[in-house]
Each structure stands twice: as C-alpha cells, then as structure tokens.
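Student: Take a look at this one; I'll ask things after.
The values are calculated or read from the model by the stated rules, or taken from the named source; none is laboratory data. On a predicted model such as this, the values are computed, not experimentally measured, just so you know. Using ideal geometry, Cβ is built from the backbone for each residue, glycine included, and neighbour counts are taken over all protein chains shown.
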C-alpha cells in the first residue's frame, strides 16, 4: 500500500458539522435565553440581565449576561447567523481558548464604551462580539472571503475589505443616530478584535505548509 494512501486512511474522521464548541454554546445560550425571557417580567429582565451604566455596579454580571438577551426574533436570528459565520471561522482556525479570551475581552469593552456614550440606556445583544470576531479575522485571516451586504443584497469579499467598511459604517451611524442600534458598541468590539488579533498573531509561530512525498 502506498504510504500516502495509508496516512490518509489513518487520519481521524472530522465531524460533518463542526462550528467550534465555544461558538456552538454561545448560540445555544442565546436561543435558550430568548425562550426564557417569555417567563420573566420586563423589569426583571432589564434590571438583572441587560447592561446599564447606571446599575452595573449593583449588577456587574450584566457586563456579560446582556449579550445573551435579544429584543426580537429577527435580532436573535441575525446575530446567531453572524455568530455562526464568523465564530466558526475564528474558532476553528485559532482555537477555543483564543475565542474565549476574545469573547470576554470584547464584550466587556464594548459594553463599557456603550455605557460611556449612552448613560442610562439599556444595551443588549451579542453583535459587539460579532464585530470583534470580524476585527480579529481582519488581522489573522485577511484573505478569507465572507458574506458582505450591499443594500438588500449580499456578495462575498475578503474580510480585510469587508471588515473596515463595516467598521467605518458603524462609526458614521454612531454619530447622532437614533435608530436604537448600539453602533458604538459594534465599533468598540471591532477595535477590540483588531487589538487582540494582533497580539495573537505576534504570539503565534508562522504557519508553514509542506507537501512531503514518499
């Protein structure tokens, strides 16, 4: 038997559907939380689970828990789809440990920045972390093509192009926007992803691909 054929046969089978354990559980918790909110009052939800700069000292856990709360079904589905797309991209290439560091760091930073510019306003949703994933991908995997919205249509573009365009768009909309979207949290998440991705790139050894023939 040819060695190359033997080597391929001995490789463990990869899961047919693998998005990474961290990404999978974040999606599961988001969906479970969306169902759970139907069983608690709105006041309880806002005070104990969503982030507000005026109550965060009493409820510091809301710096994290607010990302699992979504305003409506479309908000949930859109964020879960983006989380699936970018979370699996980053986690499968750079590991669950890095993904966890990125999650906690970017979520806390995005919430603090959101609270600074929006005192007394409740913030919720995981999109700040989604933008951190995009920022990290810009640094770590710039040539990877991702879905990119153009109006009501979608195309694909390298994340090194799509990412900065999305970031600039969020910056523009964060100035005087009244659409109820946390654009400043998105921009902060993207910056966190850029910084953490840069540190990860400096710490990681260069990847060298070799083809060995026997």
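Student: Identify, from the list 136, 157, the residue that is in contact with a strand residue (DSSP E or B) (Cβ under 9 Å, 6 or more places away or on another chain) and either in contact (Cβ under 8 Å) with a residue 24 or more places away in the chain or more than 23 Å from residue 35 (Cα to Cα) (or both).
Tutor: It is 157.
Student: Right, another one. Applying the selection to the stretch 35-60, what residues are farther than 20 Å from residue 119 by Cα, in a loop (DSSP other than H, G, I, E, B) and either in contact with a helix residue (DSSP H, G or I) (Cβ under 8 Å, 6 or more places away or on another chain) or at pLDDT 95 or above (or both)?
Tutor: Within the stretch 35-60, none qualify.
Student: Confirm whether residue 63 is under 20 Å from residue 119 (Cα atoms), in a helix (DSSP H, G or I) and touching a strand residue (DSSP E or B) at 6+ places or on another chain (Cβ under 8 Å).
Tutor: In short, yes.
Student: In addition: Would the stretch 91-102 turn up any residue that is surrounded by fewer than 16 Cβ atoms within 10 Å (Cβ to Cβ), closer than 21 Å to residue 178 by Cα and out of contact with any strand residue (DSSP E or B) (no Cβ under 9 Å at 6 or more places or on another chain)?
Tutor: no
Student: Of everything in the stretch 125-151 that's in contact with a helix residue (DSSP H, G or I) (Cβ under 8 Å, 6 or more places away or on another chain) and assigned to a loop (DSSP other than H, G, I, E, B), which residue is surrounded by the fewest Cβ atoms within 10 Å (Cβ to Cβ)?
Tutor: 143
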